[in-house]
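What follows is a set of notes on a single structure, which appears directly below.
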Amino acid sequence: MMRKILLLALILSAASPVLALETKYVTLNDGHKMPVFGLGTWTLDNAQAEESVYIAIKEGYRLIDTARYYRNESGVGRGVRRAVSEGLIKREDIFITSKILHGYNPDEAVNDSVKALGLDYVDLMLIHQPGYNDEECYKALERAVKSGKVKSIGISNYYTPGEFERINRIASITPAIVQNENHIYYQNTELQEYLKRYGTFIESWYPLGGRGNTREILNNEAVKKIAASHGKTTAQIIIRWHIQAGYIVIPGSKNPEHIRENINVFDFALTDDEMKIIADLNQARRFENW
Ligand SMILES: NC(=O)c1ccc[n+]([C@@H]2O[C@H](COP(=O)([O-])OP(=O)(O)OC[C@H]3O[C@@H](n4cnc5c(N)ncnc54)[C@H](OP(=O)(O)O)[C@@H]3O)[C@@H](O)[C@H]2O)c1
């Protein structure tokens, strides 16, 4: 009985749609804590990843997103280890996410990822995309949790409740995270609502539109107006919107100025009206098709 009450309290706190302003962490449905904001590293090579991760940690970032597919896990790991060796953080202070692709031997992929990062364990491992052996991949992730190589697990690029349930019905550990394309023009509101029953969070990729599309999102007239009224940049308004809307957000950057700018979103709040203005920008329009 007590266990059931505790589990319910955990799920309710994790599913809270609007985060308290000072909150920089959420509690996942498996009890682990995850920062609501971090650094994305897609397209960064190993040297850029090392430098960007190191700078980000210095600036206060505590969540880094990488993947086997990005081929920069060793750079990410070096950046983290440099920060740890200089005493900026301890290993347990930083939350590392990586992803394995379907189609490979999943147990080997997990081992390779942990080895490339060189950080003993990965905080969150996702299946990068749906694919022919993704259910077997998920089982491998569950084995990795059991063996201590991975703390939390989830999926990426599953956009409907049906797609989520195909994995969830074979899972003994409910996915903690669904990492999806999610931005002001493509808001995952329906899936977010559905996932609340499981305490599963959506993590937004392409929050700024991704490489090649940022100009469009960052120059949106409505967002510009809100930015001017807060004395913030449009990137900061958009990042803040993701956090207040209950998403976890990982803007990507290899530019130290942008890395500094993007974390500077915890000293102001968008009003309900401003949140609604941005919610109304949804066009159900994706930039990618995977
Ligand atoms: N699971 C998946 O399938 C998937 C797919 C795509 C991405 N992701 C993850 O999600 C992360 C975020 O997505 P993303 O990096 O592709 O796209 P994004 O975060 O939407 O945009 C990154 C682009 O925005 C620029 N930028 C960053 N901060 C800025 C600022 N303050 N002002 C102006 N421009 C700024 C970056 O350039 P600079 O480098 O010059 O700052 C870069 O060109 C990725 O890095 C990756 O970790 C996951």
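Laboratory data are not the source of any read-out in this text; all were calculated from the coordinates shown. Remember, it's a predicted structure, so these values are computed and weren't measured experimentally. Because the Cβ atoms are built from the backbone with ideal geometry, glycine has one as well, and the counts that use them run over all protein chains shown.
Run down Val249, Val265 and say which single residue is closer than 22 Å to Ile57 by Cα, among the hydrophobic types (A, V, I, L, M, F, W, C) and under 16 Å from the mean Cα position of the chain (by Cα).
Numbers: Val265 fails: under 16 Å from the mean Cα position of the chain (by Cα).
Step by step, each of Val249, Val265 is checked, and only Val249 is closer than 22 Å to Ile57 by Cα, among the hydrophobic types (A, V, I, L, M, F, W, C) and under 16 Å from the mean Cα position of the chain (by Cα).
The number of residues in region 271-290 that are free of Cβ contacts under 8 Å to residues at least 60 places away in the same chain and either within 8 Å of the ligand (Cβ to nearest atom) or crowded, with 20+ Cβ neighbours inside 10 Å (or both) comes to 1. All of Ile202, Ile217 fail the test of being away from the ligand (no atom under 11 Å from the Cβ), without any contact (Cβ under 8 Å) to a residue 60 or more places away in the chain and surrounded by 21 or more Cβ atoms within 10 Å (Cβ to Cβ), apart from Ile202.
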